[in-house]
Amino acid sequence: MNTILKNPLGGNLKDAQIKKIEGFVRGFKLSSLTYKRIMQLLHEEMNSGLSKTTNHMADIKMFPTFVRSLPDGTEKGKYLALDLGGTNFRVLMVELNGKDVDIQSKTYLIPQRIMLGTGTQLFDHIADCICKFVNTHDIMGEKLPLGFTFSFPCKQEGLATARLSKWTKGFRCEGVVGEDLCILLHEALKRKGNIDVEVVAIINDAVGTLMSTAHSDRNCEIGLILGTGCNACYMENLEHVGLWDGEIRNPKQVIVNTEWGAFGDNGCLDFIRTEYDRELDTFSINPGKQILEKMISGMYMGEIVRLVLERLTMEGLLFSGVDRECELFVRGRFYTKYVSEIESDHDEFFRNTKQALDELGLEGYSSEDCKIVKYVCTLISARAAFLSAAGLATLINKINKPNMTIAVDGSLYRFHPRFHNLMCLKMKELVRPGLKFQLQLSHDGSGKGAALVAAVATRLRDNKIIL
């Protein structure tokens, strides 16, 4: 067994029961050789995505973002930022003064009827939120540059021009795929009639995460999101970006948005997918898509755990005599936050585990049941951390710089008690000897980062320098 994953089963559990349980979860335990094979496949897929001749066939699209410069610490002024990446939407006012940053923000809910409605409804809702925010902060008369973090797969055609490739994370708004998002936003703001805003940059949350950390750490080369979704971006030399249509002049680099959540959509990861991964995929709103993301991100992790617990229960190995009407048997009801809470239990009292089981309507469970639940959570979250580590190791080896910082943001990384340490342990095993790295929590990358991209774009435009 992997030494990082010590088996906590034992106590009053019989050897035969442990053996049967192991039979149902062994697919989550992957060898180091397997992770190295995954890295090789990912490297090949990334190169395929970067090449003009093979990009149309590649699942990992490796979109150039047109962000070619990092902050240099001289950025000043007041900027608006929007952050749309899930069921919550934020509007921010960010004031920059060198290294000093002042942020005021407001979070607004996006109801499911809008997530599943039309593009017009979505962007009208966004414009309405912006209008409320601008009024509240008494900046209605000011024309402010705006950075827009839009955390869904997009094809960039310019820094302020991006077309949605596909919806993910539960969104299905009609009339948006293939459209210019900045135009849709400008049109919605025009319909409001009284907001003077210039969208100068559109980015995703991974780019914002990288930019936010690079504001204080010039070694930052990679941005990683581990939250509702999972994605990464990194700074690439232009000579390696076959998709680049612009001039190749200084700075000869561009941030590439990998969209690696789609890794495996072509079947290349089928050899590591479990029966639970396949069932989750079958009942998702996008079957066959975002295969890697479905093995890592917070949107799906809790459901994978639930499917395993449901199977163990049906096999008589867990929750003896459980009421089949309880919420354990309801799709989507075992939240990923439970996984983080359960893994925070460090004694035999299982306080967090019991609270989660109580919320699911389970009764009469034993300490042995709690032990099994925690073990399942441990295996599934560790696989997610190791897959994330394999992805980062692939990028670090590709960039091949002696010392790198990886900016990380997202609820899974922030709140899971072991994710950071598990990733670091596996990365040390997979990163080429001699290359040093550190993972750093990015502070408000999707908000501050969007404002920084807008600030850098404005500075370079004013100085007549290409971004």
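What the table shows:
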{"item": "Per-peptide average of other Cβ atoms within 10 Å, ordering 52-61, 198-207, 165-174 highest first", "result": "198-207, 165-174, 52-61"}
{"item": "Acute angle (nearest 10 degrees) that the helix 205-214 long axis makes with the longest principal axis of the chain, alpha-carbon atoms", "result": "70"}
{"item": "Partner lysines for K428 [C-alpha distance under 20 Å; skip if fewer than 8 residues away on the same chain]", "result": "K6, K29, K36, K398, K401, K436"}
{"item": "Per-pair calculated FRET efficiency, R0 = 30 Å: S105 and R218 via Cβ, rounded to 0.05", "result": "0.70"}
{"item": "Cross-link pairs K132/K169; K143/K448; K52/K337; K155/K294 - those with Cα-Cα distance over 30 Å", "result": "K52/K337"}
{"item": "Mean Cα-pair separation over length for the stretch 129-221, i.e. relative contact order, pairs under 8 Å, 6 or more apart, %", "result": "35"}
{"item": "Whole-Hz couplings from phi, Karplus 6.51/-1.76/1.60, listed for the stretch 171-184; x for Gly and Pro", "result": "8, 8, 5, 6, x, 10, 4, x, 8, 6, 5, 5, 5, 4"}
{"item": "Residue-level accessible surface for S51, protein heavy atoms, 1.4 Å, Å²", "result": "30"}
{"item": "Accessible area in square angstrom per residue, the chain, 1.4 angstrom probe", "result": "41"}
{"item": "Net charge of Cβ neighbours under 14 Å - reference E359; Lys, Arg +1; Asp, Glu -1", "result": "+1"}
{"item": "Residues whose placed amide H lies under 5 Å from that of I203, excluding near-sequence neighbours", "result": "F148, T149, F150"}
{"item": "At most 14 other Cβ within 10 Å, DSSP loop - chymotrypsin sites (Phe, Trp or Tyr not before Pro), the stretch 23-65", "result": "none"}
{"item": "Rounded to 10°, Cα long-axis angle of helix 450-462 versus longest principal axis of the chain", "result": "20"}
{"item": "Fraction of beta bridges assigned by DSSP in the chain that are antiparallel (%, nearest 5)", "result": "60"}
{"item": "Sequence-distant aspartates and glutamates (8 or more away, or on other chains) whose Cα lies within less than 14 Å of K192", "result": "D124, D128"}
{"item": "Which labelled figure in (1) 50, 34, 24; (2) 39, 26, 20; (3) 45, 24, 22 is semi-axes √(5λ) of the Cα gyration tensor in Å, once derived from the coordinates", "result": "(2)"}
{"item": "Between helix 32-50 and the chain: long-axis angle, C-alpha atoms, 0 to 90°, nearest 10", "result": "30"}
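The values are calculated or read from the model by the stated rules, or taken from the named source; none is laboratory data. On a predicted model such as this, the values are computed, not experimentally measured, just so you know. FYI the Cβ positions are ideal-geometry reconstructions off the backbone, even for glycines, and counts take in every protein chain you see. Ligands, DNA and RNA are excluded from the accessible area calculation, which covers all protein heavy atoms including side chains. Shrake-Rupley method; radii C 1.70, N 1.55, O 1.52, S 1.80 Å.
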